[in-house]
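Let me begin by presenting the structure, written as structure tokens, before commenting on it.
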Amino acid sequence: MERSVLLRRLEELQDQALRAAAAVPPSLVGDAATSAANLLAYRALRTRDIADIQVALADLGLSSLGRLEPNVLDSLEQVRAWLAGTAPRAFVPSREQALRLQEERTVRLFGRPRPGRTTRIMVTLDHTVPDPVLHCIELLRAGMDVARINAAHGRPADWQALADAVRHAELELERQGTPPPRRCHILFDLSGPRLRIGTFAGEIRLGAGDRLRLLRSAEPLAGSPGDDIPALPCSHPEALRVIAPGHPVAIDDGKFAGTVVAVTEAWVEILLEAPVGRRRRLRPEKGLNFPGVPLPLPALTADDIASLDAAASFADLVGLSFVHAPADIARLAAELDLRGLHNNGIVAKIETRAAARRLVPILLEGLRRPSFGVMVARGDLAIEVGWDDLALYQEAILCLAEAAHLPSIWATQVLETLARHGMPARPEITDAAAATRADCVMLNKGPHVVAAARFLDRLLSSEHRHRQKKRELFREFISLEEAPRDVEPVPSAAFHGC
């Protein structure tokens, strides 16, 4: 591409970004307006295919614009000015200003980082452990920065006991002379309108070719007269009123998959296409998804609002499940304000295709809050958008959050095999290492979660030297030809808990 053509196309790109950045909602001011303008400019940039421009810039030894999320207009101007041979104009935010905004908001939401790494570690607490205080002491020593309490499990007394265990653990470590480097923040994760299979008696095994009925009432039913098709309740039967023949269905994180083939006043009938081969057991209270179908369920339920009262005394930030639109964020913010929790953080869990596609207005709403972030909830997101598109959606969420200078959480099945069984699976290592793209990584509970937290702490500290979000840092390479003589092999026992 000729340099004059490249310059003209870059200026067209810059003009488009400038027009988009001017559309900041007037209610956003100060740093929030700066971040909103950068986000809108980035969205405008990503509506076009600029791969040929990027290749042409790289061929000239210039920035290929592949890491401009934090400072879109400034990055475009620096490259444009070099091509034009003129002095660059000043645009905000500069890279330094953008990094400051990102760091300030990340500290506000998750607390200060530990020495040696900037990516925080969040761990889901388990209210069934025999000694919660000892468990929290071990987790804090292993590297836990944020403790997650899942409102979908336990009762208010259990949640309070877990929060108390975190604070008692901090006091005990301080008494021992080894206090954690900073206060552990507590995320209270609302259960939300999780659609699940209801409870039922007996054992049900299903496979491809079998049929299943979901009842439009909350009460279980053995089946309809004259057939032996299982008929099961679900947690929110009112959601079934929008279901129609042809809609896809996934149960238990996709272990069972099929299509709606019939709808009556009493039930929705599903023809299963998976699992193929031998039948698998369907257990009660497993997740139920209708990918791509907007369900008439509020993100903030009556139970969630009641849970907020129980968590008001200990929660530093609140997770909102199945966010649909900006109004969901505004409603939770209003409930927090009613309880005097004006500065409490909000984490929007992005779990559906609709939420991902509305992420820009969701982020703009979040910028109105003193503390806000997003979680890439890869479990339900994978089911909702499909396995083929999961990586694309995951990357888009991370990029848009970075463009808004808002922190992000990498969640779902991180080091899951290590946390459950004490030894990691090979793909888990690269997945966990890639989590440095986010500002926080979430581990779920398991018998070996302390070992998983310790391993993740070492891994993130190592990756921090080589990668900052999308930017690769060329530190020294360990020789790939001859192993260093002073390095001893790591025993397998190193993966186990302390």
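Would you pick out the residues in the range 32-52 that are under 21 Å from S94 (Cβ atoms) and either touching a helix residue (DSSP H, G or I) at 6+ places or on another chain (Cβ under 7 Å) or of a type in the set (S, T, N, Q) (or both)? Once the filter is applied, which keeps residues that are under 21 Å from S94 (Cβ atoms) and either touching a helix residue (DSSP H, G or I) at 6+ places or on another chain (Cβ under 7 Å) or of a type in the set (S, T, N, Q) (or both), the range 32-52 yields T34, S35, A36, A37, N38, L39, L40, A41, Y42, R43, A44, L45. Restricting V29, V55 to residues that are out of contact with any strand residue (DSSP E or B) (no Cβ under 6 Å at 6 or more places or on another chain), under 30 Å from P370 (Cα atoms) and outside the structural domain of A438 (by TED's automatic domain parsing) narrows the list to V29. Would you say D74 is surrounded by 15 or more Cβ atoms within 10 Å (Cβ to Cβ) and within 30 Å of R43 (Cα to Cα)? Criteria met by D74. R369 passes all but one of (1) farther than 20 Å from T106 by Cα; (2) of a type in the set (D, E, K, R); (3) surrounded by 18 or more Cβ atoms within 10 Å (Cβ to Cβ); (4) at pLDDT 95 or above; which number fails? So the condition that R369 fails would be (1). Determine if the range 13-26 includes at least one residue that is exposed (fewer than 14 other Cβ atoms within 10 Å of the Cβ) and either part of a helix (DSSP H, G or I) or in the same structural domain as P361 (by TED's automatic domain parsing) (or both). Yes, that holds for at least one residue. The residue that is modelled with the highest pLDDT, counting only those in the range 443-489 that are over 22 Å from the mean Cα position of the chain (by Cα) and among the basic types (K, R), is R465.
Taking every residue in the range 124-152 that is within 11 Å of P180 (Cβ to Cβ) and pairing it with any residue that is in a loop (DSSP other than H, G, I, E, B) and modelled with pLDDT under 95, at least 6 positions away or on another chain, the pairs with Cβ-Cβ distances below 6 Å are L140/P180. Quick check on the range 307-349: of everything there that is hydrophobic (A, V, I, L, M, F, W, C) and in a strand (DSSP E or B), which residue is surrounded by the most Cβ atoms within 10 Å (Cβ to Cβ)? Per the criteria, the residue is V347.
In the set V24, V55, V29, V72, only one residue is out of contact with any helix residue (DSSP H, G or I) (no Cβ under 9 Å at 6 or more places or on another chain), closer than 28 Å to I362 by Cβ and not aromatic (F, W, Y); that residue is V29.
The condition (being touching a Phe, Trp or Tyr at 6+ places or on another chain (Cβ under 8 Å), among the acidic types (D, E) and within 30 Å of L367 (Cβ to Cβ)) is satisfied by just one residue among D145, D189: D145. Out of all the residues in the range 381-393, is one or more buried (at least 19 other Cβ atoms within 10 Å of the Cβ) and within 25 Å of D158 (Cβ to Cβ)? No, the range 381-393 has no match at all. With respect to the conditions (1) assigned to a strand (DSSP E or B); (2) closer than 28 Å to V323 by Cβ, G154 falls short on a single one, namely (1). Go through the range 253-276 and count every residue that is more than 17 Å from P291 (Cα to Cα) and surrounded by 20 or more Cβ atoms within 10 Å (Cβ to Cβ). Of the residues in that region, 1 qualify. In the range 78-91, of all residues being assigned to a loop (DSSP other than H, G, I, E, B) and surrounded by 13 or more Cβ atoms within 10 Å (Cβ to Cβ), the one that is farthest from the chain's Cα centre (by Cα) corresponds to P88. Scanning the range 1-10 for residues that are part of a helix (DSSP H, G or I) and exposed (fewer than 14 other Cβ atoms within 10 Å of the Cβ) yields a total of 4.
Filtering the range 389-448 to residues that are under 30 Å from A41 (Cα atoms), among the hydroxyl-bearing types (S, T, Y) and either in contact with a Phe, Trp or Tyr (Cβ under 9 Å, 6 or more places away or on another chain) or in a helix (DSSP H, G or I) (or both) leaves Y393, T436.
The values are calculated or read from the model by the stated rules, or taken from the named source; none is laboratory data. Keep in mind that this is a model prediction, so the values were computed, not measured. Note: ideal-geometry Cβ built from the backbone for every residue, glycine included; neighbour counts use all protein chains shown.
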